[in-house]
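Asker: What follows is a single structure, and I will ask about it in a moment.
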Amino acid sequence: MDTAAHTDPSAAIDDARAATALFAGRLDALTDDRLDGPSALPGWGRRRVVAHVAYNARAIQRLADWARTGVENRMYLSVEVRNSEIDRGVELDAADLRALFTETAASLDAAWGALSTAAWDARVETFQGRDIPASASVWLRAREPWIHAVDLASGATFSDVPPSALGHILGDITAVWAARGEGIELRATDGGSGTVGGGGSVGGGGSVTAARGEVITGTLAELTAWATGRGTLPGTDRIAPAWM
Ligand code: ZN
């Protein structure tokens, strides 16, 4: 839709840095004892959330390496490899797990800094097999610490995520829904302007449209919590369809 806007990755890199900072701050606020506790994601401890986000950075860095060298380097070789990596991360000492998060994020940032303009346009593949320019992988990264900072259950909510990122997340989700024919229109009460990624867009009226159909209303933060399956909304008992 807006290839030109996505080719220059600098805004997305700033977004990824801000998301990483939010996550890091919420992680730092947890004592080691609390790090051992449950996250807001059913069945996931906080340690698993941290390991998941850390190894996601590694996986996105493999895409950066692929783009830089032209040698295929997939995010993960398989679901099993991905899960066993996270399982090992969960068992690390608290200090090592914290360091893993910091180091993987810094290493990814450095890898991005080493990419040429041509490399940013090189084609890579998401874990789901979608063909994208390397520049689009930056948002795939940013989305992870934005959403999982909330899952960490350490004080962050979607109100801590900038409206532009919330709009982008909602655009991704409504694009998935639209592709499946889900007729849901998200209408933000706190306005919204600018274009979001995926198939959705936030117009001057502040609505994110997947398709004509049921209208779900709330603030951008409330809509994001609901659409990602992380919250309920007053006025509807509808459960958001899956998007991942
Ligand atoms: Zn994730």
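Asker: Can you pull out the residues in segment 56-80 that are among the hydrophobic types (A, V, I, L, M, F, W, C), away from the ligand (no atom under 16 Å from the Cβ) and either outside any loop (DSSP other than H, G, I, E, B) or within 19 Å of Ile147 (Cβ to Cβ) (or both)? Break it down stepwise before answering.
Answerer: Our first condition is that a residue be among the hydrophobic types (A, V, I, L, M, F, W, C); within segment 56-80, this holds for 57, 59-60, 63-64, 66-67, 71, 75, 77, 79.
Filter again for away from the ligand (no atom under 16 Å from the Cβ), leaving 64, 66-67, 71, 77.
Listed by number, the residues that qualify are Ala64, Trp66, Ala67.
Asker: Contact list please: Cβ distance under 8 Å, first residue in segment 227-244 and among the charged types (D, E, K, R) and at pLDDT 90 or above, second residue part of a loop (DSSP other than H, G, I, E, B) and surrounded by 12 or more Cβ atoms within 10 Å (Cβ to Cβ), pairs at least six apart or on different chains.
Answerer: Here the result reads Arg230/Ala40, each pair linking segment 227-244 to a residue that is part of a loop (DSSP other than H, G, I, E, B) and surrounded by 12 or more Cβ atoms within 10 Å (Cβ to Cβ).
Asker: How about segment 119-129: which of its residues are more than 14 Å from the ligand (Cβ to nearest atom) and touching a helix residue (DSSP H, G or I) at 6+ places or on another chain (Cβ under 9 Å)?
Answerer: Hits for segment 119-129 are Ala119, Trp120, Asp121, Ala122, Arg123, Val124, Glu125.
Asker: The conditions are (1) surrounded by fewer than 24 Cβ atoms within 10 Å (Cβ to Cβ); (2) out of contact with any Lys or Arg (no Cβ under 7 Å at 6 or more places or on another chain); (3) under 17 Å from Gly231 (Cα atoms), and Leu170 fails exactly one of them. Which is it?
Answerer: Exception for Leu170: condition (1).
Asker: So Glu144 clears everything in (1) within 15 Å of the ligand (Cβ to nearest atom); (2) part of a loop (DSSP other than H, G, I, E, B); (3) closer than 20 Å to Gly229 by Cβ except one condition, right? Which one?
Answerer: Condition (2) is where Glu144 drops out.
Asker: Regarding segment 97-117, can at least one residue be identified that is within 16 Å of the ligand (Cβ to nearest atom), at pLDDT 95 or above and of a type in the set (Val, Ile, Thr)?
Answerer: yes
Asker: From (1) out of contact with any Leu (no Cβ under 8 Å at 6 or more places or on another chain); (2) in a loop (DSSP other than H, G, I, E, B), pick out the condition that doesn't hold for Leu92.
Answerer: (1)
Asker: Within segment 117-141, can you find the residues that are assigned to a helix (DSSP H, G or I) and hydroxyl-bearing (Ser, Thr, Tyr)?
Answerer: Hits for segment 117-141 are Thr117, Ser135, Ser137.
Asker: When you look at Asp93, is it among the acidic types (Asp, Glu), under 26 Å from Leu22 (Cα atoms), loosely packed, with under 14 Cβ neighbours inside 10 Å and within 16 Å of the ligand (Cβ to nearest atom), yes or no? Outline the logic, then answer.
Answerer: On the way: among the acidic types (Asp, Glu): yes; under 26 Å from Leu22 (Cα atoms): yes; loosely packed, with under 14 Cβ neighbours inside 10 Å: yes; within 16 Å of the ligand (Cβ to nearest atom): no.
Spelling it out, it is not the case that Asp93 is among the acidic types (Asp, Glu), under 26 Å from Leu22 (Cα atoms), loosely packed, with under 14 Cβ neighbours inside 10 Å and within 16 Å of the ligand (Cβ to nearest atom).
Asker: Now for a separate question. Looking for something modelled with pLDDT of 85 or more, polar (S, T, N, Q), away from the ligand (no atom under 16 Å from the Cβ) and touching a strand residue (DSSP E or B) at 6+ places or on another chain (Cβ under 8 Å) - is there at least one such residue anywhere in segment 208-222?
Answerer: Yes, that holds for at least one residue.
Asker: Closer than 12 Å to Ala64 by Cβ and either in contact (Cβ under 8 Å) with a residue 12 or more places away in the chain or touching a Ser or Thr at 6+ places or on another chain (Cβ under 6 Å) (or both) - does that describe any residue in segment 90-108?
Answerer: yes
Asker: Sort out which residues of segment 12-44 are outside any helix (DSSP H, G or I) and either touching a Ser or Thr at 6+ places or on another chain (Cβ under 6 Å) or outside the structural domain of Gly89 (by TED's automatic domain parsing) (or both), and write them in order of number.
Answerer: Once the filter is applied, which keeps residues that are outside any helix (DSSP H, G or I) and either touching a Ser or Thr at 6+ places or on another chain (Cβ under 6 Å) or outside the structural domain of Gly89 (by TED's automatic domain parsing) (or both), segment 12-44 yields Ala29, Leu30.
The values are calculated or read from the model by the stated rules, or taken from the named source; none is laboratory data. From a predicted model like this one, the values you see are computed outputs, not experimental measurements. Backbone-built Cβ (ideal geometry, glycine too); neighbour counts: all protein chains shown.
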